[in-house]
Amino acid sequence: MTAPAAIAHDPHGGHPTNTGLSNEKLTMWAFLGSECLLFGALISTYLLYKGRSVSGPLPEDVYDIPFTSASSFMLLMSSLTMVLSLAAIQRGDHRRLRLWLLATASLGGLFITGQIYEFTTFYREGLSLSTNLFGSTFFVLTGFHGVHVSLGILMLLSLFGLSMRGKLPTERAEAVEIAGLYWHFVDIVWIVIFTVVYLIP
Amino acid sequence: MATKSAPAENHPVETAGHEDVEHPSESKYWKIFWILFVITAVEVALYYWELPGNVNINNSALGLLAIAKFIVVVGYFMHLKFDSRLLRRLFVAGIILALIVYMIVLLSMGVFIAPPADRNSGFIGT
């Protein structure tokens, strides 16, 4: 069999590509690998300037750990509902797929609402992007993460809309898997941020 | 509208790669979630109740718990444990590259060497 023919008729059930992997999935993993560098830069900048602010408010003046812990639990829960939505479409259960997609987007929405509340509270307490080094690095880091979560919510709602219109058949389960990869990534980034920024003094 | 079928214990899924990969069952996903939930609860508890010894023990414990959560989510929820080796290498390469680059930056800036109070000397901050 010639090489192109071998690619077109993969006997192992893989994708008809040179790697045997879906190009979309491969691209998403490469993108997530590069995102590690982006968030690595933001977290490193936060660490670099940690404890270097010469005027307040400082982290211990503004952090509300019980509130942020509740937000973290919501994002963690959304990772579970995301993976349950993937399991649902893989077994052809489209009603549950929509239910779990909506649950994931809602939990993400609650997380973002919490972040907006936190930001406005900090601002009222005198911390803004230009107040001190803590304010600059904190808002840029958590703000970038918040934007990622918001984009993830848009992805999930798009999938929900596609499913409602019957344009997300079981054969396209990979679309949910790829959106799920992005969603879980924002969760793992939060795992690091929650520990490094909030919990470690 | 599709009908619901009973969840298999470990169902094979045709995804990327030259073989059918086995994703965990729904009950396993729930178990993993509860493990993550407990780890997060322990992390929050460690914030309030310090372990005996100096503060570095607490910080190390928090760091290790975060790494454990990271690995569990990537391995099970993102299925990297079950997926193609190429995908694993792509992601791990990103993490290792980020760790090396930023460790060099942080070490060269003396972040892990001197306490913040000492590092302020000669530094213009706001």
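The values are calculated or read from the model by the stated rules, or taken from the named source; none is laboratory data. This structure is a prediction, so every number in the text was calculated from the model and none was measured. Here the Cβ positions follow ideal geometry from the backbone for every residue, glycine too, while neighbour counts run over all protein chains shown.
Brief remarks on what is shown
- Selected residue (only one of A:Gly126, A:Gly161, A:Gly166 is over 30 Å from A:Leu48 (Cα atoms) and not in a helix (DSSP H, G or I)): A:Gly166
- So B:Tyr76, is it at the interface with chain A (Cβ under 7 Å from one of its Cβ atoms) and either at pLDDT 90 or above or in contact with a strand residue (DSSP E or B) (Cβ under 7 Å, 6 or more places away or on another chain) (or both): no
- Of the criteria (1) over 18 Å from A:Ile43 (Cα atoms); (2) among the hydroxyl-bearing types (Ser, Thr, Tyr); (3) without any contact (Cβ under 8 Å) to a residue 60 or more places away in the chain, which one B:Ser84 fails: (3)
- Number of positions in the stretch A:88-110 that are under 24 Å from A:Phe194 (Cβ atoms) and within 14 Å of chain B (Cβ to nearest Cβ): 4
- Annotation: of all residues in the stretch B:36-55 being within 11 Å of chain A (Cβ to nearest Cβ) and among the small types (Gly, Ala, Ser), the one that is surrounded by the fewest Cβ atoms within 10 Å (Cβ to Cβ) is B:Ala45.
- Where B:Asn58 falls short, out of the listed (1) at pLDDT below 90; (2) out of contact with any Leu (no Cβ under 6 Å at 6 or more places or on another chain); (3) assigned to a helix (DSSP H, G or I); (4) more than 7 Å from chain A (Cβ to nearest Cβ): (2)
- Qualifying residue in the stretch A:20-33 (condition: aliphatic (A, V, I, L, M), over 21 Å from B:Tyr29 (Cβ atoms) and under 21 Å from the mean Cα position of the chain (by Cα)): yes
- Note on the stretch A:129-145: residues that are crowded, with 18+ Cβ neighbours inside 10 Å and part of a helix (DSSP H, G or I) amount to 10.
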